[in-house]
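One structure is given here, and the rest of the page talks about it.
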Amino acid sequence: MSDPRVELQPLLLRSEDAARVLGVSRSTVFDLIRSGRLRSVKIGHLRRVSATALADFVARLDAA
């Protein structure tokens with residue numbers, strides 16, 4: 001039985017949400033995806049960015 005007070009965090013984010021998390025514009029997120037710097041997945045015609053991909057992207061920025 002699950003606890004109704006537990007709030008699940010999304011595993012996949014829309015580009016708008018990924019942009020908000022990164023503090024950049026939606027178009028910047030799409031540029032990062034196009035350039036291969038930010039991993040994403042396609043589900044049907046929708047493009048989503050995983051929380052892991054965001055964390056990996058930021059970690060690579062810190063390492064540079």
Under 9 Å between Cβ atoms, at least 6 apart or on separate chains: pull out the pairs that start in the stretch 22-45 with a residue that is among the polar types (S, T, N, Q) and end on any residue that is assigned to a strand (DSSP E or B) and open to solvent by less than 50 Å² (accessible area, probe 1.4 Å). S40/V49; S40/S50
Please indicate, with yes or no, whether at least one residue in the stretch 19-28 is open to solvent by 70 Å² or more (accessible area, probe 1.4 Å), under 10 Å from the mean Cα position of the chain (by Cα), among the hydrophobic types (A, V, I, L, M, F, W, C) and at pLDDT 95 or above. yes
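Name every residue in the stretch 1-18 that is in a loop (DSSP other than H, G, I, E, B) and under 13 Å from the mean Cα position of the chain (by Cα), in order of residue number. Talk me through it step by step, then tell me what you get.
Kept after step one, since they are in a loop (DSSP other than H, G, I, E, B), are these residues of the stretch 1-18: 1-11, 14.
Residues satisfying the conditions are Q9, P10, L11, R14.
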Answer with yes or no whether T52 is open to solvent by 80 Å² or more (accessible area, probe 1.4 Å) and out of contact with any Ser or Thr (no Cβ under 7 Å at 6 or more places or on another chain). yes
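Among the listed residues E7, E16, which satisfies the condition of being at pLDDT below 95 and surrounded by fewer than 15 Cβ atoms within 10 Å (Cβ to Cβ)? Full working, then the answer.
Working: E16 fails: at pLDDT below 95.
Of the residues listed, the single one that is at pLDDT below 95 and surrounded by fewer than 15 Cβ atoms within 10 Å (Cβ to Cβ) is E7.
The values are calculated or read from the model by the stated rules, or taken from the named source; none is laboratory data. This is a predicted model, so every value here is computed, not measured. Quick reminder, even Gly has a Cβ in these numbers, built from the backbone with ideal geometry, and neighbours come from all protein chains shown. We work out accessible area using only protein heavy atoms, side chains counted, and drop any ligands, DNA or RNA first. Shrake-Rupley method; radii C 1.70, N 1.55, O 1.52, S 1.80 Å.
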